[in-house]
1. Considering the convex hull of the alpha carbon atoms of segment A:68-115, report its projected area averaged over all viewing directions, in nm², one decimal.
2. In whole angstrom, how far apart do the alpha carbon centroids of segment A:46-112 and segment A:215-257 sit?
3. Calculate log10 I(q)/I(0) of segment A:48-202 for q = 0.12, 0.21 Å⁻¹, where I(q) comes from the Debye formula with a single equal point scatterer on each Cα and nothing for solvent.
4. For chain B, modelled as a Gaussian network with Cα springs under 10 Å, which listed residue fluctuates most, B:VAL285, B:VAL260, B:VAL230?
5. Does segment A:141-194 come out rounded, prolate or oblate by the C-alpha gyration tensor, with a ≥ b ≥ c the root eigenvalues, rounded set by a/c under 1.5 and, if not, prolate when a/b is larger than b/c and oblate if not?
6. Can you pull the mean other chain C-beta count within 10 Å for peptide A:185-196?
7. To the nearest whole number, what is the average tally of beta carbon atoms from other chains within 10 Å of the beta carbons of peptide B:253-264?
8. Could you tell me the calculated FRET efficiency between B:PHE138 and B:LEU70, based on Cβ-Cβ distance and R0 = 56 angstrom, to the nearest 0.05?
Amino acid sequence: MTDRNIHEDRGRIQVSGFDSDRVRDREPISDWTDESSGETVGRWRRGFRKFKRNRSAMGALVVVVVMALASFFARPVEMFGVVVQPFSLAPYDPTTILYLGVDSSVNVYDPPSWQYPMGVDGSGRDLFSRLLVGGRYSLSIGFIVVGLTASFGLIYGSISGYYGGNVDELMMRIVDTIFAFPGLILALIIVAILGGGYWQLVLAFSLFGWAGYGRLVRGEVLKIKENEYVLAAKALGARDRSVVFRHIAPNAMPPLIVLASLNIGSVVIGVAALGFLGLGLDPSSAEWGTMLNATRSTLIQGPGGQIPWWATVYPGAAIFIFVMSMNMIGDGINDALDAQQTGVGRGGED
Amino acid sequence: MSLQRFILKRTLSIIPIMFGVSVITFGMFHLTPGDPVTQLVALNPDVSAAEEAALRERWGLSGPVWEQYLDWISNVLVGDFGLELQTGREVSDIVWSRLPETIALGLFGWAFALVIAIPAGIYAAINKDNLGDTISRFLALSGISIPNFWLGLMLILIFSLYLGLFPVLAPSRQSLLSPEMLWYLILPGITIGTASAASIMRVMRTSMTEELNKEYVTAARAKGLPERTVILKHVLRNSLISVVTLAATLTASIVAGSVVVEVVFNWPGLGREFIDAINQREINVVMAITLFTGFFVILANLVADIVYAALDPRIRYD
């Protein structure tokens, strides 16, 4: 018996540590499986998992969600005459002047008390209610503007980077030109020309705000289009449009998302700055920057010589906390998506 | 490419951008309905149609748009921005008279940013992941997140009103270089420099951390150089290059910041003039300051690029 075995094994190369079962499970020729084709999803999922482990970013996300919900549920929302959202967290309407009818003992610039936790503003309105409702303006403008500008910048940058040559030259000169103006200055001028208002503000920050995304995406596209899979798609006869939007643009997304998340904060600051300069929304509206503008002149001497710090501290702190949280989320996304790239590289080891 | 050639090429490349800047500036004000004459007529209904036409002619508002543009740009090129409509003063005089105040504020902001950010960045990179690093990173994140107008108001509230250390608002006119004026400059300077300080600190920390992992650092340490020399002579020099690339962006943000900060502190510079001009619909003044800002940012970019190319020769081959 033993003799025979030895005979059979003669001439064979012994390979130790080789697991033949793994080879059998594998598909021949290529290692493609249904599972590995889910690569794009997997990449994002891996980034998301990493983000979830980032405590400060998750904390910031909670803050942003709470602020968004608080401002949404602050007062009932009506759309086309139908009440969409009946809850009301804010005790008073942001425009209600308290000493007229509600509570005649209230004075202008009453300090914070149990009944009015953030005090009363210069027109006798409840600051806490105004602060809650005010979040609607800043937050929604921030997200709308970033959505619009990032989408347009993605298209613009993809076209410029993909076609190259004179098209690229011209398109990038336009971006350079826009970059010569600080964004706030352009927004100021647009609002000065169009007048204040919600959609005017959106337009003011969107009209030129896409340039940064355009430049970023173009740079990414220049790198991505050197990849073999782009050449393969072209060789298979894919049209330019499908090469750009199916193969190139999706791969330029991670840095775009990082920039977008960091930009929401700067748009919110910009909106508040315009409000503070008296050029944003209606002076009586509860937008945070506009609220600061209303108390600016009385910061130095309130009635009776006291300083009404609450009218300045709270609205500004709301902007600060929101922007800080957005920036922490942006940093978190940045880390998560960076890690995803090295994770792909290390994939073979584990 | 030699450095001279690079400078020449890069300098020539700003010409189309400057043209674009002038077109955007002109276009924003002239492609919108309601020129200054229409507004003036709306304010004074007794102006006759003939007077209106004459006024349009005199201010160069008749004729096709491109003709108006050529008219305007040829005046601008010789430094003539027209008159301020209400006072009849030369717009260029107004800009020149307000400029020193804004430059003083911007320079102070820059100096503050560099003095704070570079040591903080070095400290954070050396003590990576220590408590000190965590605190300085948190402060940097706060610095880029805080709205400058609110920071200004808070500084006034704390240092001027409660502590009484600083005068509240700057006087409207005062000789700029007097020690008294320097005292007025501190709070607005800090306000305008904070965001830049935070950005520089973050960049310094990242690039220093990267540089510290490179082999030349190991080599320098291995040959027995004291850590101080390694950091200050080798690592710092290479990390500062990334600050140069940031400089142009930060200059633009300081220019934009000056508009807001000058209003907060009642600082008599170009930024406040800009806001006043917008509120009073002084289009010539607004256009002049807009164009000036654009040209200034372009030049800042040019200088930053040239410094970058001089420090890092690889850039010239891009």
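1. On the way: hull surface 18.6 nm².
Here the figure is 4.6 nm², rounded to one decimal.
2. A separation of 42 Å, based on Cα centres.
3. So the normalised log intensities are -0.82, -1.27.
4. Checking each option, the largest mean-square fluctuation is seen for B:VAL230.
5. Numbers: a/c = 3.38, a/b = 1.56, b/c = 2.17.
Verdict is oblate for segment A:141-194.
6. Working: counts 12, 7, 1, 8, 10, 2, 1, 10, 9, 1, 0, 0.
The shielding value for this peptide is 5.
7. On the way: counts 4, 1, 4, 10, 3, 1, 6, 9, 0, 0, 6, 5.
Partner-chain Cβ atoms within 10 Å, mean over residues of B:253-264: 4.
8. Details: r = 54 Å, r/R0 = 0.96.
According to the calculation, E is roughly 0.55.
Values quoted throughout were computed directly from the atomic coordinates according to the rules given, and no laboratory measurement underlies them. Quick caveat: nothing in here was measured; it's all calculated off a predicted structure. Using ideal geometry, Cβ is built from the backbone for each residue, glycine included, and neighbour counts are taken over all protein chains shown.
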